[in-house]
Amino acid sequence: MHRLQIFDYEGYANCEHIRSYRPKANCKERILHEAAANLINEAEKPFVIFGQRVILGKAEKEFKAFIGKIG
């Protein structure tokens, strides 16, 4: 049989800060785009994983163009 034990613990400190999602990157988009493009172009066998957001974002045409460019 289990018994519930209740006690006061005074060592707990409330959380003052939570590291969370940042909606804006701390870098310049152009530099990020160039770095990503270089990595894709240098890949011997590029592998792309995509999801439903391509369809929901109505980006099928752009996605097909991207896949065509990387082969």
Where is the GNM fluctuation largest for the chain (alpha-carbon springs, 10 angstrom cutoff): Glu44, Glu34, Glu16?
Glu16
Bin by bin, in steps of 5 Å, what percent of the Cα pairs in the chain do you find, going until the bin that has the longest distance?
3, 10, 11, 12, 15, 10, 5, 5, 5, 6, 7, 7, 5, 0
Segment 49-57 - phi-based ³J(HN,Hα) in whole Hz, Karplus 6.51/-1.76/1.60, Gly and Pro as x
10, 9, x, 5, 4, 4, 6, 4, x
Where Cα atoms sit under 22 Å apart: lysine pairs in the chain separated by 8 or more or lying on different chains
4
Taking the Cα-to-Cβ direction at Asn14 and at Ile40 and moving 7 Å from each Cα, how far apart do the two end points lie in nm?
4.7
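Relative to the present Cα-Cα distance, how much length would full extension add between Glu29 and Ile49 at 0.36 nm per residue of separation?
Working: separation 20, 0.36 × 20 = 7.20 nm, distance 2.16 nm.
Using 0.36 nm per residue and subtracting the Cα-Cα distance, I get 5.0 nm.
Read-outs: derived from the displayed coordinates by stated rules, not from any lab. Just so we're clear, the structure is a prediction, and the values are computed from it rather than from any experiment. With ideal geometry, Cβ positions are generated from the backbone for all residues, glycine too; neighbour counts draw on all protein chains shown.
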